[in-house]
Structures are given as structure tokens and as C-alpha cells.
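Presented below is the structure to which this report refers.
FYI, it's all coordinate maths here, none of it is from the lab. The structure presented is a predicted model; accordingly, all values stated were derived computationally and were not measured. Using ideal geometry, Cβ is built from the backbone for each residue, glycine included, and neighbour counts are taken over all protein chains shown.
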Amino acid sequence: MQDVFTGAEKVHPKLGSPPRYDIYQAHPDNPEVLTAVAFNTYDLTPEIKGYAGPIKLLAVISPEGTIRDIRVLKHSETPAYVFTLDDFISQFKGKNIAGSFRLGKDIDGITRATMTSEAVARSVDKSAKKIGRQALKLDVGDPSGDQPKTLSYIHIILPLLLFMAAVCGVLGRNIFLRWLALLAGFIYLGLIKSTMVSVVQLVNIGMLKFPDFVTNPLWYCLVVLTLLSLMILGMVYCGSICPFAGVQEVLFHLGRKLKWKELKFSHEVTQRARYVKFGVLFVVLAASFMIGNSSAANIEAFLILFAAHASQAGWAFVVFILVLSVFHFRFWCKFLCPIGAFNGLLADKSIYKIHFGPECGGCGVCDKVCPVGAIQMVDDKPLIDYPECILCNQCVEKCPKEVLFFKKSFHKSAQQRGSTEQDTLTKHD
């Protein structure tokens, strides 16, 4: 309050119903003249929440009902999507609280942050009118009213079709379907929605911060479908849907077309470097839970790329990753992606995995063609490191004896021993 009103004579502690701060200024005839009323919108509208929780704002209104100032106190929204939040709330300054605050009509929303914009507009409207009516005795009318929520079925149907194409591509060994799913993921999830499975979602789930299903069904579809596919088949999302993964693959293939020398690491270096992403995952989760919000989780390269906002250091980092992707297949996914690390842990427990039939002679072709190096030869027997397998089917397609199959497997140890029980093999023609 002192920062907003540097010449204020007196700022009362928070009091009254509704709770507010009364601000007085010195006057020759009256030692205390009310000059403004300030309040925390969360004190009056705690039920209104943004994408990741409540958005607490300090609003200051004059005795006549004009909004003199408004500032953000605290929020848990994803910074990459609400970097224009201060500019957004500046639209409220100078508006009379008796007016309407309808998003898209009276207030311009934040691009790709509709839930945040709606929460702020509703919270300011409802709390300011309550203060005006009860504390200042003004005729301000009723709040504009919550706009009726409608479920957007298109954001349920499209992710379902996306995962169906990806799963069919995996099970049918169909390269066209896989690239179709990657292209659709790039356009729909990347360019249009800028919404991807990320560690930010993981943190918010851990903190029990869930968006409203009706206004954001895509969030739930992505989370549920990714988890289901991980538990049943493995890395379907990472291998065939993730927009940033698709960008990396295109860049890598472009480098091969241009005949630029591929950057290769030894198997030992690759295996050790892969632990980095698990370290990143642990640090990000620990930091986020310590500070109580997901801001520490905003380190993922695709958030910067598709939200198109970052510091110079952030952009330099993304460019560095993309350049490396030209020379090394999925550099970010293999070594740094925290959500990829988490997904890999679940994929390792998937019900169905790729196994080798009893006819496998240990020729090592699968080891050579695996683009992510998820297969290694041990005692002339191939073993799949399933948390790293992106289900691209390169090994299945290139196997000279066609002895790679999806098999129901509840124990990783069976796969590590190269179990060959014929009665449980399921071949995909």
C-alpha cells in the first residue's frame, strides 16, 4: 500500500467484511479522508482459480469506484504462457467497477492462456463489485456473471484420433501412420494449442492442482492417454506424438540428407549421459515442491519453442539443442528431457514389450539400426533398454529373421534373460 500511495497518511490493517485495507490521506479540514480502498481479490473470491490454482491480485479502487491500480501478488500459472500478465491486468486501470469485465468484449485475453484470463477478469469483477456495494455503498450492479461453460468435444476427439494413429502405427509397423501422428502432434499440440505432456503437469498433479475439465478437456485427455499408453505399450507419446521430438527428428534427417557428419558417442558415454535427465527430473520436482508451484519446472525446451517466449539465455539454449539435434538423433530426448525420464520409468513396467523369438541368432542388426541406442548385445543376445525405446519399429523392420514380437510381460527380468516362451508370443504381421 505504501508503494502504491507514497503520500498516504494512514493505511489501516486489513479489516471489515468484506476484508479490505482503507487508505487515508491528510486533509486540512479533516485529519482522515478516505482516498482509496485496497483488497486482495483472493480474500473475496477464493473459489475462482486459474489453470494451476488461485491468482492473487491487489486491487485499489477510489471512493467513486474507479480502479486506480492493480498488481499481481502471487500465482502458480506457467510463466511461459502468462509472460504478458502485467500488461493484461493493466487494462483494468481506469475502468469503473460498475461496468462489465467480459473477456473478449471488454477485456482482451492473453493468447493461449484463456483460463488465466477468465479467472482474472471474473475475480476482479466479482470482488470489486462486492467492495463497491458493501464498503463504499455504491450502486455498481451485479457482476457480469459467469459465462456458461461448454465442453469442447473437438479437444477430446482430436487427441483420441492422434493416439489411435500413433498406436496403430506402432502395432502395425506403419511408418506413414507414425509420421502422420508426429505431423498432427506438431500442428495441433505444438502450433495451435502449445500444449504438451510436460513436467509442469506432473508437478501440478503432485500438488493436486487440476484445471476444470469442461474448460480444458485437452489437459485431461493428454494426461490420461499418455499414462494408459505408457502402461500398456510404452513410449507411444514420446516416440510418435511429441511435437518437439518430431522437430528433432526432422532436423536430424535433414542433416543426413545434406550428408553432414553425424555426431556419435560411445555406448558407455551414452549410457552415463542418460542419467542426466533423471537428475534434471529429481531437481525440478524437488525445487517445485519446495517453493510450492511449478515455476521451477519451466525448463523444458519445447515450452520456449512453441510458447515463443524466453530470455536471451533461454533462446540460446533452445537453439543449441536444435543445432545438436541436426547431428545427433533426439539429443534432448535422450539426455535432458525430464518428462521423458518419468515416462521411461513407467514404460519400463508396460504390459507389452518387444521381445526376441527363439530363432534369434544374435546377428546384431537390431543393435545397429536402433536410432536411440536402446538395444545392446550381451553374450551375443540383444537386450532392449525399454525406458529408452521409442517404439519406432526400426529393429522389427530390419530384423533379417523377423523374430521380434510384442509380448505380454509383467517382469523386466524375463526380458533381460531373453525369455523365449513360444506360447505367449504375439506376432504382428
Completion exercise
Everything considered on the Cα gyration tensor (a ≥ b ≥ c; rounded for a/c under 1.5, else prolate if a/b is larger than b/c, else oblate), the chain must be described as prolate
Practice task
Take each complete run of DSSP H in the chain, measure how far its Cα atoms stretch along the helix's own axis, and keep only those covering 20 Å or more with mean Kyte-Doolittle hydropathy at least 0.5; list them.
Solution key: 154-171, 217-232, 275-291, 312-327
Practice task
Between THR111 and ILE291, with labels modelled 7 Å along Cα→Cβ, what's the label distance in nm to one decimal, could you check?
Solution key: 2.6 nm
Exercise for the section: Would you list, by chain and number, the lysines whose Cα falls below 24 Å from the Cα of LYS334, excluding same-chain residues fewer than 8 positions away? Expected result: LYS257, LYS259, LYS261, LYS264, LYS277, LYS349, LYS353, LYS368, LYS381, LYS398, LYS412
Completion exercise
Highest mean packing first, using Cβ neighbours within 10 angstrom, the peptides 395-401, 127-133 sort as 127-133, 395-401
Problem - Three-way shape label, segment 244-317, alpha-carbon gyration tensor, a/c 1.5 - result: oblate
Handout entry: Linear extension gain, MET377 paired with VAL269, 0.36 nm per residue minus alpha-carbon span
Key = 37.3 nm
Practice task
Subtract the Cα-Cα distance of VAL276 and GLN25 from 0.36 nm times their separation in residues, and report this length gain in nm to one decimal.
Solution key: 84.6 nm
Problem - Straight-distance crosslink candidates among lysines, where the alpha carbon sits under 17 Å from LYS14 and sequence neighbours closer than 8 are dropped - result: LYS56, LYS130
Practice task
Take the alpha carbon gyration tensor of segment 62-178, find the square roots of its eigenvalues, order them as a ≥ b ≥ c, and report rounded if a/c is under 1.5; if not, report prolate when a/b exceeds b/c, else oblate.
Solution key: prolate
Fill in the blank from the handout: So for R0 = 41 Å, FRET eff. of TRP179-LYS93 from the Cβ-Cβ r, to 0.05, ends up at 0.25
Problem - Where labels lie 7 Å past Cα in the beta-carbon direction, separation of VAL33 and ILE157 in nm - result: 6.3 nm
